[in-house]
Each structure stands twice: as C-alpha cells, then as structure tokens.
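I have a structure I would like to understand better, so I am pasting it below and will then ask my questions one at a time.
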Amino acid sequence: MMFKASTLAAVMISAFVAVGSAAAADKQCGADRHVAKGIQCEMCHGPDKANPKEPDIKVCTQCHSTKALVEKTKNVKPHNPHMSPHYQDQLDCINCHVMHGETENFCDQCHKFGFKVP
Ligand code: HEC
Ligand code: HEC
Ligand code: HEC
Ligand code: HEC
C-alpha cells in the first residue's frame, strides 16, 4: 500500500470511483459501501464525531438480524461463517468484516475454510 505520498491522489480516485463503475466498487471498503447505501457514519459510530465508538455486534445486528444471517449463509462450504461451535452466532462481526480496510478470515487462524469475507 502506498499511503503517505499518494494519499491525496487515493482520496481523489476513491471519490471518483464512488460514482463510477461497478468494478471499481469492489475496491471500496465496507464503510464506503454502507455510506453509498445511505448509512451515515453516526449509525455505526454514535453521534459524537470527535469520539467515534467502535461498533460491536449490537450495533451491526440492529440492521442485520443474526437469525436471518445464519439462515442466509447456512449452505456456505465448508461451514457457515455465521455459526460455530465456539461462538455460536455471537462472534463480533468486525473480527471478519473490517470496515475501513481489508476484511479478515478469523476462523483461518486455526482452520482452512478459505472464506471470502465481503
Ligand atoms: C457499517 C458501519 C460503519 C460505518 C458506516 C462507518 N464506520 Fe467507521 N468504523 C467501523 C468499524 C467496524 C471500525 C473499526 C475498525 C475497522 O473495522 O476498520 C471503524 C473505525 C473507524 C475509525 C477509527 C476509530 C478508532 O478508534 O480506531 C474512524 C475515525 C471511523 N471509523 C470513521 C468513520 C467515518 C468518518 C465514517 C463515515 C464516512 C464511518 N467511519 C463509517 C464501522 C463503520
Ligand atoms: C443502519 C443500518 C446498518 C448498520 C448499523 C450496519 N449495516 Fe451492514 N448493511 C446495511 C445495508 C442497508 C446494507 C446493504 C444491503 C443491500 O445492499 O442489500 C448493508 C450491507 C452489509 C454487508 C454486505 C456486503 C457489503 O459490504 O456490501 C455486510 C457484510 C455488512 N453490511 C456488515 C455490517 C457490519 C459488520 C456492521 C457493523 C459494524 C453493519 N453492517 C452495520 C445496513 C447496516
Ligand atoms: C468468521 C467470519 C465472519 C463473521 C464473524 C461474520 N461474518 Fe458476515 N460473512 C462472512 C462471510 C465469509 C460471508 C460471505 C458468505 C458467502 O460466501 O456467501 C459473510 C456475509 C455477510 C453478509 C452478506 C450476506 C448476504 O449474502 O447478503 C452480511 C450482511 C454479513 N456477513 C453480516 C455480518 C454480521 C452483521 C456479523 C456479526 C453478527 C457477521 N457478518 C459476522 C464472514 C463472517
Ligand atoms: C483459536 C483457534 C480456532 C478458531 C479461531 C476457530 N476454531 Fe473452530 N475449532 C478449533 C479447534 C481446536 C477445534 C476442535 C478440533 C477439531 O475437532 O477439529 C475446532 C472445531 C471446529 C468445528 C467442528 C469440527 C469441524 O471442523 O467440523 C467447527 C465446525 C468449527 N471449529 C468452526 C469454526 C468457525 C466457523 C470458526 C470461525 C467463526 C472457528 N471454528 C474458529 C479451533 C478454532
């Protein structure tokens, strides 16, 4: 990643692609995709802009019901990412769905499930 020198260019490019092609949308982070759907920063971070709160599972599940999620991904192979014998459906979402950077496959610290986390 080339952060320092090209930060401004990167910001300009991402502002540009935000209204651009679907292919470019793949490169947006999860927070950008939420904002593009009309979800404000405050809906995840609370009203105090100077001290954004890190959203925990309670915040995410206000909009994404865990029950519906578990059902939706029940046929993902080799295992449902939203249900496990260790955490059931209560693992904090952002262990995988990092919102301002690369997503992570939390389970693969120990397993080889190869999940593609959006
Ligand atoms: C869908 C929920 C969501 C939305 C919308 C969102 N964020 Fe975040 N934000 C997160 C999560 C989760 C983290 C924790 C780190 C991560 O996942 O990248 C975070 C981290 C941050 C941090 C770092 C805070 C810290 O203490 O490390 C800042 C600053 C921030 N977000 C600002 C914003 C701004 C500004 C917006 C609106 C443009 C925004 N966020 C929109 C979920 C969101
Ligand atoms: C205020 C409601 C709201 C909150 C809070 C929220 N989301 Fe979302 N989320 C949405 C909407 C709306 C979509 C877009 C759904 C669609 O396109 O069908 C979405 C889409 C997603 C997607 C689909 C893939 C993508 O990125 O486009 C994931 C994953 C996701 N959210 C995870 C999270 C996580 C994790 C949190 C908590 C950090 C969170 N959401 C908080 C409303 C919310
Ligand atoms: C262990 C990693 C992991 C955790 C933790 C996790 N997810 Fe996911 N999530 C995934 C993967 C992998 C997918 C893609 C599944 C697939 O291949 O269809 C996904 C897909 C999604 C989607 C898109 C579903 C769809 O097909 O429309 C949403 C929304 C979502 N997750 C929200 C959440 C929320 C909210 C939480 C916390 C309650 C959460 N996830 C916790 C890994 C995770
Ligand atoms: C810190 C290490 C660790 C993490 C992280 C972890 N597991 Fe496991 N998991 C294990 C161990 C150890 C076993 C027991 C060994 C066995 O029976 O294979 C196990 C067993 C399992 C099993 C039953 C055996 C099997 O392979 O079918 C499932 C299902 C499973 N884990 C799913 C998950 C899911 C889904 C995640 C992510 C949400 C996850 N695990 C995260 C260590 C971990």
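Here, each number is a calculation from the coordinates, and none is a lab measurement. Worth saying up front: this structure is predicted, and the values here are computed from it rather than measured. All Cβ positions, even for glycine, are placed from backbone atoms using ideal geometry, and neighbour counts span all protein chains on display.
Here are some residues: C41, C107, C96, C63. Which one is more than 9 Å from ligand 1 (Cβ to nearest atom), of a type outside the set (S, T, N, Q) and more than 12 Å from the chain's Cα centre (by Cα)?
Within the list C41, C107, C96, C63, the selection yields C107.
Follow-up. Give segment 77-92 a look and list any residue that's over 18 Å from the mean Cα position of the chain (by Cα) and exposed (fewer than 15 other Cβ atoms within 10 Å of the Cβ), or say none.
K77, P78, P85, H86, Y87, Q88
Looking at segment 65-118, which of its residues are of a type in the set (V, I, T) and within 12 Å of ligand 2 (Cβ to nearest atom)?
T66, T73, I94, V98, T103, V117
So, in segment 93-118, of the ones that are in a loop (DSSP other than H, G, I, E, B), without any contact (Cβ under 8 Å) to a residue 60 or more places away in the chain and within 7 Å of ligand 3 (Cβ to nearest atom), which residue ends up surrounded by the most Cβ atoms within 10 Å (Cβ to Cβ)?
F115
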